[in-house]
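Below you'll find the structure, written out as structure tokens, and then a few comments.
The values are calculated or read from the model by the stated rules, or taken from the named source; none is laboratory data. Everything numeric here is computed off the predicted structure, so don't read it as measured data. With ideal geometry, Cβ positions are generated from the backbone for all residues, glycine too; neighbour counts draw on all protein chains shown. Remember, those area values only see protein heavy atoms, side chains included, never the ligands or the DNA or RNA. Shrake-Rupley method; radii C 1.70, N 1.55, O 1.52, S 1.80 Å.
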Amino acid sequence: MENMFRLIDNDQEAATNRCIWVNGPVIVGAGPSGLATAACLREQSVPFVVLERADCIASLWQKRTYDRLKLHLPKQFCQLPKMPFPESFPEYPTKRQFIDYLESYASRFDISPKFNECVQTARFDETSGLWRVKTVSDAESTRTEVEYICRWLVVATGENAERVMPEIEGLSEFTGEVVHACDYKSGEKFAGKKVLVVGCGNSGMEVSLDLANHLAKPSMVVRSSVHVMPREIMGKSTFELAMKMLKWFPLWLVDKILLVLCWFVLGNIEKYGLKRPEMGPMELKSAKGKTPVLDIGALEKIRSGKIDVVPGVKRFNGNRVELVNGEELDVDSVVLATGYRSNVPYWLQESEFFAKNGFPKTAIGNSGWKGRTGLYAVGFTRRGLSGASMDAVNIAQDIGSVWKLETKQPTKRSTASHRRCISQQF
């Protein structure tokens, strides 16, 4: 086993490599979760390789978010391990500021992902006791297939790897423009148009607000109940207030207090078509991972009639949409704020730790970061960036304890190490 962990030189692989031995874990995904795990492993002196299918870190933030996006929670709840946000950043950093922070983070911890490497399969080889991760790269018009061999596999592709496209009758024949929220950048080009926004989560609310600010005429589809809460209460973050109360009061009481405060700040929102769930906001988040909507101005637009709230969609017919209540609307464009899903089931050949929905079977709460046979998951506990950071710390400590014991190395920083494999046979 000692030979397995022997440090070797860090020369670059040629494009023709078919098999690479990784002297440490392979991390799949270079978003915030993958970067946090890599940084924590670096501090544990454990070498690693990060695989990323896009051509940049945090591709969701860089390529699939709208221009006006800001962090919904105060920055202290969104910072990654071992590096706080700059003091000069506002309490709610912008999209550009968060990307700059992540790039500085990668640079500080010397994290250099292998970009344009899309994982096709990852399976545990029972015979060798190792993970075999196959990737395909089409960079620079050259198709390269590589198999990485490693003892540990960290799944860091996150909850939002693939867009969810709803199946609605007639949508494919709709004569206007249809975009998913991940392709929506600004409401500027929709000025004066009637836009149907399908979805009422944080993205749906914020897209509707952006459209209204750009003088479009948005109608937001609200199919089911939703908790809408002010982002701040009496100048304090609602999330921060809830976290402080949970240290002293039971969950049900915190929900009662929050709902009373929301009523004082927002009033009765049900008369605008926004019915609250029977389960309280924090209980719903804890039990089902469903995040409350933090209002940053959309509710005022709803009150003033600049955003219409409509029930579910039954079908599309040309440029018209029929709602479940029988009402029909003329629509110029559609924005699908229908969320995202995990893509883990498409490439990870494992069914004991991960469920069919692409989440660990114990994903909600404080567990869900460690499986068997060296398999780990980071960023799947539905607790946002703070939850991903906690996962990253736990994973690095778990791997680091084994690494240090078996290599008998002192605590020090090291660089990632891997080498070419002459053969795939072990």
Net charge over other residues, Cβ less than 15 angstrom from the Cβ of Leu251 (K, R count +1; D, E count -1)
+4
If you filter the stretch 245-320 for trypsin sites (Lys or Arg not before Pro), then keep DSSP loop positions with at most 11 other Cβ within 10 Å, what is left?
Lys247
Carbon/sulfur fraction of accessible area - the chain, other protein chains in place, 1.4 Å, %:
50
Reach of Lys134 by Cα under 17 Å, taken over aspartates and glutamates that are not fewer than 8 positions away in the same chain
Glu13, Glu52, Glu117, Asp125, Glu126, Glu145, Glu147, Glu350
With +1 at each Lys and Arg Cβ and -1 at each Asp and Glu Cβ, the charge dipole magnitude of the chain around its Cα centre, to the nearest 20 debye, comes out at 860
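Using the heavy atoms of the protein chains and a 1.4 angstrom probe, tell me the accessible area per residue for the stretch 296-415 in square angstrom.
Ligands and nucleic acids excluded, the figure is 48 Å² per residue.
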Exactly which chymotrypsin sites (Phe, Trp or Tyr not before Pro) in the stretch 216-274 are in a DSSP loop and have at most 15 other Cβ atoms within 10 Å?
Trp248
Long-range amide H partners of Glu177, meaning residues 5 or more apart or on another chain whose placed amide H is closer than 5 Å, are Val334
Between rounded, prolate and oblate, where does the stretch 221-278 land on the alpha carbon gyration tensor, with a ≥ b ≥ c its root eigenvalues, rounded for a/c under 1.5, else prolate if a/b exceeds b/c?
prolate
Step through the table entries Lys185/Lys217; Lys275/Lys301; Lys193/Lys306; Lys70/Lys114, compare each Cα-Cα distance with 19 Å, and write down the pairs that go over it.
Lys70/Lys114
Convert each backbone phi in the stretch 385-391 into a coupling constant with the Karplus relation 6.51 cos²θ - 1.76 cosθ + 1.60 (shift: θ = phi - 60°), then list the ³J(HN,Hα) values in order as whole Hz, x for Gly and Pro.
5, 5, x, 5, 5, 5, 4
How charged is the neighbourhood of Thr65? Take every other residue with its Cβ under 9 Å from the Cβ of Thr65, and add Lys/Arg as +1 and Asp/Glu as -1.
+3
Helix-only mean residue ellipticity at 222 nm for the chain, each DSSP H run of n ≥ 4 adding -39500 (n - 2.57), per residue, nearest 500:
-7500 deg cm²/dmol
So who's got an amide H within less than 5 Å of the one on Ala58, skipping anything under 5 residues away but keeping other chains? H placed 1.01 Å off N, in plane.
Ala30, Gly31
Distance between the C-alpha centers of the stretch 148-163 and the stretch 241-293? Whole Å please.
33
Would you work out which of Tyr376, Val178, Thr121 lies farthest towards the positive end of the dipole of the chain? Charges go on Cβ: Lys and Arg +1, Asp and Glu -1.
Tyr376
Relative contact order of the chain: what whole-number percent is it, with Cα pairs under 8 angstrom and at least 6 residues apart?
27
Classified through the alpha carbon gyration tensor (a ≥ b ≥ c as square roots of its eigenvalues; rounded if a/c is under 1.5, else prolate when a/b is larger than b/c, else oblate), the stretch 118-209 comes out prolate
Mind checking which of Phe89, Ser401, Met243 is farthest towards the positive end of the chain's charge dipole, using Cβ charges of +1 (Lys, Arg) and -1 (Asp, Glu) about the Cα centre?
Met243
Counting only residues 5 or more places away or on other chains, whose amide H sits under 5 Å from the amide H of Leu130 once H atoms are built in the peptide plane?
Asp125
Model label zone, Val402; criterion: amide N under 14 Å from point 7 Å along Cα-to-beta-carbon; scope the stretch 144-166
150-155
Whole-number percent relative contact order across the stretch 57-159, with pairs defined as alpha carbons under 8 Å at least 6 apart:
17
What does the convex hull of the Cα atoms come to per residue for the chain, in Å³?
163
Would you mind classifying the stretch 43-105 by shape? Square roots of the alpha carbon gyration tensor eigenvalues, ordered a ≥ b ≥ c; an a/c under 1.5 is rounded, otherwise it is prolate if a/b is larger than b/c and oblate if not.
oblate
Over the stretch 119-246, with the other protein chains present, what is the accessible area per residue in square angstrom, probe 1.4 angstrom?
44
Which of Pro90, Pro32, Pro250 moves the most in a Gaussian network model of the chain with Cα springs under 10 Å?
Pro250
The answer for the net charge of residues other than Lys95 whose Cβ lies under 14 angstrom from its Cβ, with Lys and Arg +1 and Asp and Glu -1, is +2
Here the FRET efficiency for Cys56 versus Glu328, based on Cβ atoms and R0 = 45 Å and rounded to 0.05, is 0.55
